[in-house]
Amino acid sequence: MSDHKVTIEGKYPGRYRFKGEFHQGAPSQPIRDDQGKLWGVTKPRRIVHVHALGAEGQFFQAIAEDRKLLATRCNNPDCEGKGTEYLPFRIHCPDCLGLMEVIDVTQRAIEGAQVYTYVITNRTGAFNTLDTPIRFIDIQIPGIATFLKGYMIGSGEPSIGLRVIPVFQQKPSYTIKDLAWVVQGTTESDLLEGWTFADK
Ligand SMILES: [Zn+2]
């Protein structure tokens, strides 16, 4: 089945219309019983599911295209949680519901990200697209109030307190899988093909 391209047209604020190819077919094949009698026919169809990213689009664009890790911070002086920083990326403050400021925490992650806890599993989400066993880690970044989930690639086993560095997929999928983590000290030549460090 061929590639697809979907774009949006936004002529009016808050309204948009999708353009593109959402349904694709492929040639049918006969289905026969054990005597060779025609029982039915396959009708392969692919449906493109659209996942809107909303204001989180900037987070995914940063990891996919700029090799940057963005977080958010509440700057509302009237908020009890003023100054609190969040990653996973969230747009609105959970305390005051105000719009938060987007901050770049790439360097902070490079200099201080640690494994808070981890799990090693052979089962992942739909379509099993990660190599198994998967080393899922919860990442603690200095100054950030929440933990980011991620996965380790390359050599090394996760452990609590392990220092890790973010790496980015060179051919992005525009999903969270574009971001992974390696043990601190991993060099460019140790990195798995297709992955790269943040720009210096
Ligand atoms: Zn707030």
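Laboratory data are not the source of any read-out in this text; all were calculated from the coordinates shown. Only a predicted model underlies this, so the values are computations on that prediction, with no experimental measurement involved. For neighbour counting, all protein chains shown are included, and Cβ atoms are generated from backbone atoms with ideal geometry for every residue, glycine included.
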Exercise for review: For ARG163, put the label point 7 Å out on the Cα→Cβ axis and report which residues of segment 78-114 keep their amide N under 13 Å from it.
Suggested key: 109-114
Revision key, fill the gap. To the nearest 20 debye, the chain has a Cα-centred charge dipole, built from +1 on Lys and Arg Cβ and -1 on Asp and Glu Cβ, of 860
Point to revise | For THR146, distant residues with modelled amide H under 5 Å away | key: LEU87
Check your understanding: For a paramagnetic label modelled at 7 Å from the Cα of ALA55 toward its Cβ, which residues of segment 65-92 fall within the zone defined by backbone nitrogen distances under 14 Å?
Key -> 71-76, 86, 89-92
Check your understanding: Remind me, what semi-axes does segment 1-50 give for its equivalent ellipsoid, largest first in whole Å, using sqrt of 5 times each Cα gyration tensor eigenvalue?
Key -> 39, 9, 6
Check your understanding: Going down the list LYS82/LYS149; LYS19/LYS43; LYS82/LYS177, which pairs span over 26 Å between their C-alpha atoms?
Key -> LYS82/LYS177
Check your understanding: Roughly speaking, what is the stretch gain from ILE8 to ASN75, that is 0.36 nm per residue apart minus the C-alpha to C-alpha distance, in nm to one decimal?
Key -> 20.9 nm
Exercise for review: Calculate, for TYR174 and LYS82, the FRET efficiency according to 1/(1 + (r/R0)^6) with r their C-beta to C-beta distance and R0 45 Å; round to the nearest 0.05.
Suggested key: 0.90
Check your understanding: Which cross-chain or sequence-distant (5 or more) residues have an amide H under 5 Å from the amide H of TYR118, H modelled 1.01 Å from N in plane?
Key -> ASP138
Review point. Taking 0.36 nm per intervening residue step and subtracting the Cα-Cα distance, what contour gain separates ASP95 from ARG45 on full extension?
Key: 13.5 nm
Practice item. Would you please give the residues with an amide H less than 5 Å from that of ARG90, counting only those at least 5 places away or on a separate chain, with H modeled from the backbone geometry? Key: THR72
Practice item. Label the chain by shape, choosing from rounded, prolate and oblate, from the square roots a ≥ b ≥ c of the eigenvalues of the Cα gyration tensor; if a/c is under 1.5 it is rounded, and otherwise prolate applies when a/b is larger than b/c, oblate when it is not. Key: oblate
